[in-house]
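Right, I'll just put the structure down here and ask away after.
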Amino acid sequence: MVKYSQETDNVAKAAKAKGTHLRVHFKHCREIGQAIKGRSITKARTYLENVLAFKEAIPFTKYTGGIGRHAVAKQYKTPGDKVQWPQKGTKTFLDLLRNIESNAEAKGLEMDKVLITSVNCNQAPKMRRRTYRAHGRVNAYQSSPAHIEIIVEEKSEEIVKEKEVVEARLSKKQLAQSRTRTIKIGGGI
């Protein structure tokens, strides 16, 4: 049994998928994960397929260095209008979504009620190569792979709590004032 970054409250109503040492950029995976978090599996899949077709974009909120600005980003409320269409990372997430969907079906979860509750992306150890520079020098040429975990849970029916009638609580001073306010009917001065 592999260890996940977090455990769910109800294990019977949750499914998980994990990919380790994936040769995709970690920073792209982090942004894709944030974009699909909270969606259902079908909505996340259609969204990622639209990203591959350049119909929708992935908003970049944390790792924004060197990312160009696009008018499409206005609909995502992205700081600085920074969005991208990461192809390789999106295909990896589509594979993981297919995997987690089969895991959820095997557990007997209702696919209409299943939501992505957790997406965790961590940096994997860098893979090292070298590039040759001028004057006989050599520089590092490293990739930034990622570990990705996705957890989905079946959304339960929320029971609405009835509103309780709360009597107004009065202080001792307010109670004393209400006793003296009573009007006496009758004669006398």
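The values are calculated or read from the model by the stated rules, or taken from the named source; none is laboratory data. Just so it is clear, the model here is predicted, and its values are computed rather than measured. Neighbour counts run over all protein chains shown; Cβ positions are idealised from the backbone, glycine included. Please note that ligands, DNA and RNA were not included when accessible areas were found on the heavy atoms of the full protein model with its side chains. Shrake-Rupley method; radii C 1.70, N 1.55, O 1.52, S 1.80 Å.
Do any residues in region 106-135 that are free of Cβ contacts under 8 Å to residues at least 24 places away in the same chain have Cβ atoms under 6 Å from those of residues that are in a strand (DSSP E or B) and not β-branched (Val, Ile, Thr), where the two are at least six apart or on different chains, and which pairs are they?
Lys126/Gln142; Arg128/Gln142; Arg129/Tyr141; Arg130/Tyr141; Thr131/Asn139; Thr131/Tyr141; Arg133/Asn139
Evaluate the following for Lys91: is it modelled with pLDDT under 95, open to solvent by 70 Å² or more (accessible area, probe 1.4 Å), outside any strand (DSSP E or B) and closer than 24 Å to Gln123 by Cβ? Give the derivation first.
Working: modelled with pLDDT under 95: no; open to solvent by 70 Å² or more (accessible area, probe 1.4 Å): yes; outside any strand (DSSP E or B): yes; closer than 24 Å to Gln123 by Cβ: yes.
Here the answer is no, as Lys91 does not meet what is asked.
I would also like to ask the following. Based on this model, can you work out whether Ala73 counts as small (Gly, Ala, Ser) and part of a helix (DSSP H, G or I)?
yes
Restricting attention to region 55-83, report how many residues are touching a helix residue (DSSP H, G or I) at 6+ places or on another chain (Cβ under 9 Å) and on the phi > 0 side of the Ramachandran plot.
Residues that pass the stated criteria total 2.
Related question: Taking region 20-45 on its own, how many of its residues are open to solvent by 20 Å² or more (accessible area, probe 1.4 Å) and not in a helix (DSSP H, G or I)?
Qualifying residue count for the region: 8.
Restricting to region 46-64, name every residue that is assigned to a loop (DSSP other than H, G, I, E, B) and either open to solvent by less than 60 Å² (accessible area, probe 1.4 Å) or touching a Lys or Arg at 6+ places or on another chain (Cβ under 9 Å) (or both).
Residues satisfying the conditions are Ala53, Glu56, Ala57, Phe60, Thr61, Lys62, Tyr63, Thr64.
Hey, another quick one. Taking strands (runs of 3 or more DSSP E) that fall entirely within region 96-189, which contain at least 3 residues that are loosely packed, with under 12 Cβ neighbours inside 10 Å?
Details: elements: 114-123, 127-132, 138-143, 146-154.
Here the list reads 127-132, 138-143.
Among the candidates Ser144, Ser156, Ser171, single out the residue that is of a type in the set (S, T, N, Q), closer than 20 Å to Gly33 by Cα and out of contact with any Ser or Thr (no Cβ under 6 Å at 6 or more places or on another chain).
On the way: Ser156 fails: closer than 20 Å to Gly33 by Cα; Ser171 fails: closer than 20 Å to Gly33 by Cα.
The unique qualifying residue is Ser144.
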